[in-house]
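J.: The structure that follows is given in the form of structure tokens.
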Amino acid sequence: MKFGRRKRDEGEVTEVEVAEAVADEVEIADTTPEVDIATDADADLDEVDGVAPTDKSAPEDRAENGPHDETEANLVRPYVDLGGVKVLPREGLHLRLEVEEGSQRVVAVGLDYDDSTLQVQPFAAPRSTGLWHEIRAQIAEQIERQGGVVTEVDGPFGPELRASVPVAVDGDGGAAGVRPARFVGVDGPRWFLRGVIAGKAAEQPDDASEIEELFRSVVVVRGTTPMPPRDLIPLHMPKSTQTAI
């Protein structure tokens with residue numbers, strides 16, 4: 001497994017920068033670490049098809065097959081400790097951290113694998129309610145506002161967004177093309193894990209088992225420190241590439 005880091009200026013960490021999310025085939029998603037979705041518009045979201053904005057969204061077998069909470073993970077398996085998440089090393093996996101230039105704060109984890117890229121971010125969440133239904137609606141609205149196309153489907157983790165995102169900007173300031181991206185999310189116990197998928201697993205979602213299994217294998221470490229909902233669970237550089245949970 002290879003490891004790298006990517007620096008970003010603090011000013012670059014803006015809310016769901018989907019226009020840049022897939023601008024590079026292996027560098028995805030300049031997304032906000034705070035995911036500030038508590039807006040007036042969101043407060044008026046109504047229940048749709050029997051699903052309230054605050055309902056939890058997760059696979060029925062999440063506790064057994066992931067993404068796991070640290071209390072559910074296999075304690076014998078080796079993991080890369082990144083603070084808020086732990087990742088299983090595997091052949092061909094390139095792990096990359098998104099780091100703010102000024103603060104040196106790690107704001108996201110990028111995983112390049114099987115000609116695809118998966119970016120993950122863990123957030124604090126309430127114990128009894130979820131975040132994905134509300135966040136999903138906001139992401140879709142912003143993509144469409146930027147000229148992209150979004151379709152919501154029932155994916156392997158529950159509802160997900162499959163989008164065609166405007167990416168390159170030509171000399172006249174217009175979008176030169178689009179690139180597919182998938183936005184997935186899982187509500188766990190006191191945490192929410194968001195993933196952005198690009199590359200082969202977004203272009204061919206029916207042949208994406210490897211990257212989907214990688215998302216399943218992520219372990220979220222919420223910790224006991226009180227945190228407001230939607231705050232990024234702190235991430236850090238790995239202390240060791242082979243540490244047990």
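J.: Which ones in the range 144-159 are touching a residue at least 24 places away in the same chain (Cβ under 8 Å) and in contact with a Pro (Cβ under 9 Å, 6 or more places away or on another chain)? Before the answer, list the steps.
T.: Let us first name the residues in the range 144-159 that are touching a residue at least 24 places away in the same chain (Cβ under 8 Å), namely 146-149, 155-159.
Scanning the range 144-159 gives Gln146, Gly147, Gly148, Gly155, Pro156, Phe157, Gly158.
J.: Can you list residue pairs whose Cβ atoms sit under 8 Å apart, with the first residue in the range 207-218 being of a type in the set (Asp, Glu) and the second being open to solvent by 10 Å² or more (accessible area, probe 1.4 Å) and assigned to a helix (DSSP H, G or I)? Count only pairs 6 or more apart in sequence or on different chains.
T.: Asp207/Lys200
J.: Would it be correct to say that Pro122 is in contact with a Lys or Arg (Cβ under 9 Å, 6 or more places away or on another chain) and not in a loop (DSSP other than H, G, I, E, B)?
T.: So Pro122 passes the test.
J.: Sort out which residues of the range 95-119 are in contact with a helix residue (DSSP H, G or I) (Cβ under 7 Å, 6 or more places away or on another chain) and either closer than 19 Å to Pro67 by Cα or open to solvent by 20 Å² or more (accessible area, probe 1.4 Å) (or both), and write them in order of number.
T.: Glu101, Gly102, Ser103, Leu111, Tyr113, Asp114, Asp115, Ser116, Leu118, listed by residue number.
J.: Among the residues of the range 79-94, are any of a type in the set (Asp, Glu) and surrounded by 18 or more Cβ atoms within 10 Å (Cβ to Cβ)?
T.: Yes: the range 79-94 contains one or more residues that are of a type in the set (Asp, Glu) and surrounded by 18 or more Cβ atoms within 10 Å (Cβ to Cβ).
J.: Next question, about the same structure. Just the residues that are in a loop (DSSP other than H, G, I, E, B) and over 12 Å from Ile233 (Cα atoms), please, taken from the range 97-115.
T.: Residues of the range 97-115 in a loop (DSSP other than H, G, I, E, B): 101-105, 114-115.
The answer is Glu101, Gly102, Ser103, Gln104, Asp114, Asp115.
J.: Kindly indicate which of Arg179, Arg222, Arg145, Arg136 is surrounded by fewer than 24 Cβ atoms within 10 Å (Cβ to Cβ) and in contact with a Gly (Cβ under 7 Å, 6 or more places away or on another chain).
T.: The unique qualifying residue is Arg136.
The values are calculated or read from the model by the stated rules, or taken from the named source; none is laboratory data. This is a predicted model, so every value here is computed, not measured. Note: ideal-geometry Cβ built from the backbone for every residue, glycine included; neighbour counts use all protein chains shown. When the accessible area is computed, the model is the full protein with side chains, heavy atoms only, and any ligands, DNA or RNA have been set aside. Shrake-Rupley method; radii C 1.70, N 1.55, O 1.52, S 1.80 Å.
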